[in-house]
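What follows draws every value from the coordinates through simple rules; no lab data is involved. Predicted model, so just to flag it, every value in this text is computed and none were measured. Positions of Cβ are backbone-derived with ideal geometry, glycine not excepted, and every protein chain shown enters the neighbour counts.
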Amino acid sequence: MKKSYPLFVLLAVVLFSVAPVMVAQAPYEATMGLVQKIFYYHVPSAMVMFLSAFICGVASAVYLFKARPEADRIAAAAAELTVVFGLIVLVTGPLWARRAWGVWWQWDARLTSTLLMWMIFVAYLLVRRFGGPGAEKLGAAMAVFGMANVPFVYVSVNIWRTIHPTTRVVPTLSPGMRGPFWFCAIAFMLLFGLLLAVRARLEQRRADVEHLYLLADEE
Amino acid sequence: MFLKVAWLVMRKDLTVEVRSREIVYTTVFFAVACVLVFAFALVKEGRPLEDAAAGIMWISVAFAGTLALGRTFERERHSETLRALMLAPVSRPAIYVGKLLGIVLLLLIVEAVLVPLVGLLFHAPIWNRPLLLIALLVSGTVGFSAVGTLFAAMLVRARSRDVMLPILLYPITIPVIIAGVRGTAALFEAVPAVDLAQMWLALLGFFDVVFVTLSLWTFEPLMTE
C-alpha cells in the first residue's frame, strides 16, 4: 500500500489539472451562466463530505463496541477530512448562492443541516484535541450520536421551505455537463481516499512511537 | 431489578438535592436571569417580537439544563461517588436511567417556574392547550436530558469538562430545540395550530426513543475504563 502512494498522488495531480479544462469546456447553464461552474467543485466536495462523515460514524461505532484502535485512527482521519471538505462546501455554496439566489445564506433545510453536521464534526475534533485522556471514546460517542442525528436535523429543518436543488439534479444533467461532473467527482473521491490513508497511517505511526517510548521507559 | 436500581439511583439523587436544594435554586435563578437577558434583546417598544416567548422559553431551558447537568455530575465527581456507582454489581443502563430520571425531574421543576413566568412577561397564552404544552415540554426535556446525561457522565473524567459539555450537547440537541420552539410557537398563536404542534410532538417522541435507546446501548462501553 505504501509503495503505491506516489502513483496515486500522481494520478490525483493529473486529474486535478485536467478538471479545470473539462469544466471550462462544459456547456453554460441557461439561467445562471458562468457561476454555475462552481457546481463541479461544490457537489463533489459535498459528496465526499457525506461519505467521510459516514465512514467516521461507522468507524467510531466499531471502535466503541470492539475497542479496535485502528478503527479509531480511521475515524479521526475521516473526521478531519469531513471538516476540510465541509469547509469547501460551505465556502463555495454561499459564493454560488450570492449570484444565483441573491443572498449569501438561506436558512433552508439542506444548508442548515450541512452546517450543523459540519459543526458536529468540529466538536468531535475539539473534544479529541482538548478533552484530555479518554477523549477518543468521547469523540466516538459524538460521531455515533452525530450520525444518528442527521435524519432528525434534516426532517426538522425541512419543514421550513427548501430552495436548494435536490439530489435529483445529478441524474438529469445534460450530457455535456455529466462528463466533467463525474470526472470531478472521481478526482475528489481519489483525493479523499489518498488523504484518508495517509492520515490514518500517520496516526498509526504516532501510536507506534508512543508504544516504543513506553517500552524504553520500562527498561 | 432494572427498574428498582433506576428508582434507587434517582431517589439517592433527589435525597441529596432535597437536603441542599443547591441545584434547584441556582438553576431556577439562572433560567429566570436568562429570560430577562433575552427580554432586553427581543422586546421592542414594550411588545415582544413574534414567537419570542417560545424561543426564550426553550433557550432558557437548554441553558439551565446544561448548568444542572454539569452540577449534578460535579457532585458525583467530588468524592468519586460515580466510580462507586459504577462498581456496584448492577446493570449499567439502569444507573443511566436513574440519573436521567433525576435530571428530567429537576428540569421539570425549573420549567414549572419558568413557563408561567414567560407566559406572564410575554403575554403568551400558555392555557391555550395546557396538556399539549406539557407533552411538548416533557418530551423535549427527556430528549435533551437523554443526550446530556450520557455526555455529562462521560465528561466526568475529561479535562475542561465545563466547556466540553455545551460544545458536544448543543449541536446534537438542535432537533429538540427546533421542534420544541416551533411546536410551542404553534400553540401560542391566537388560534393554536394543533396539527402542527402534534407533528412536532411526534418528532420529539421519535427523537426520545432513538436517543434513549442509543444511550442505553453505548453507556456500557463508554463508562468502562
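Points worth noting:
- Taken over the range B:1-89, the percentage of Cα pairs per 5 Å bin, counting from 0 up to the bin with the maximum distance, is 3, 12, 17, 17, 14, 11, 9, 7, 5, 3, 1, 0, 0.
- Overall form of chain A: oblate. Here a/c, set by the Cα gyration tensor axes a ≥ b ≥ c, is 1.5 or more, and a/b is not larger than b/c.
- As a rough guide to protection, the peptides B:207-215, B:186-194, A:117-125, A:11-19 ranked by mean Cβ packing within 10 Å, highest first, stand as A:117-125, B:207-215, B:186-194, A:11-19.
- Alpha-carbon radius of gyration plus Dmax, which is the widest Cα pair, for the range B:2-223 in Å: 17.6, 60
- In range of the label at A:F8: residues from the range A:29-67 whose backbone nitrogen is under 15 Å from the point 7 Å along Cα→Cβ: A:52
- Label-point separation, A:L34 to A:Q204 (7 Å along Cα→Cβ), nm: 4.6
- Think of each Lys and Arg Cβ as +1 and each Asp and Glu Cβ as -1; about the Cα centre, that makes the dipole of chain A roughly 660 debye.
- Between the range A:10-88 and the range B:130-152, the Cα center-to-center distance that results, in Å: 36
- At least 15 Å along the helix axis (C-alpha) and Kyte average at least 1.6, DSSP helices within chain B: B:22-42, B:92-121, B:130-155, B:174-187
- Evaluated with a Cβ-only charge set (Lys, Arg +1; Asp, Glu -1), the range A:5-80 carries a dipole of roughly 120 debye about its Cα centre, given to the nearest 20.
- Evaluated over the range A:1-95, the Cα radius of gyration and Dmax, each in Å: 17.2, 53
- The mean of 1/r over all pairs of different alpha-carbon atoms in the protein assembly as shown, once inverted, gives a Kirkwood hydrodynamic radius of 24.1 Å.
- Average beta carbon contacts from partner chains per residue of B:160-168, 10 Å cutoff: 5
- Near B:A54, once Lys and Arg are set to +1 and Asp and Glu to -1 for all other residues with Cβ below 15 Å from its Cβ, the sum equals -2.
- Pairwise FRET efficiency - B:R159 versus A:L215, Cβ, R0 = 30 Å, nearest 0.05: 0.70
- Ordering of B:27-36, A:71-80 by packing [mean C-beta count within 10 Å, highest first]: A:71-80, B:27-36
- The packing ranking, built from the mean of other Cβ atoms within 10 Å per residue, places the peptides A:39-46, B:121-128, A:186-193 in the order A:39-46, A:186-193, B:121-128, highest first.
- Using a Förster distance of 41 Å, the FRET efficiency for B:V209-B:R19 (Cβ separation, nearest 0.05): 0.75
- Span from the the range B:58-76 Cα centroid across to the the range B:1-51 one, whole angstrom: 8
- Cβ neighbours within 10 Å from other chains - mean over A:135-147: 5
- Shielding of peptide B:143-154 by partners, expressed as the average count of other chain Cβ atoms within 10 Å per residue Cβ, is 2.
- Residue among A:F65, A:F50, A:L111 farthest towards the positive dipole end of the range A:45-115, charges placed on Cβ: A:L111
- Averaging 1/r across all pairs of distinct Cα atoms in the range A:175-217 and inverting the result yields a Kirkwood radius of 12.9 Å.
- The value of relative contact order for chain A, using C-alpha pairs under 8 Å at least six residues apart, is 30 percent.
- Only helices enter this figure: runs of n ≥ 4 DSSP H residues, each worth -39500 (n - 2.57), summed and divided by the residues of the protein assembly as shown, yield -28500 deg cm²/dmol at 222 nm to the nearest 500.
- Positive end of the dipole of the protein assembly as shown (Cβ unit charges, origin at the Cα centre): among A:V198, B:F122, B:V181, the Cα lying farthest that way belongs to A:V198.
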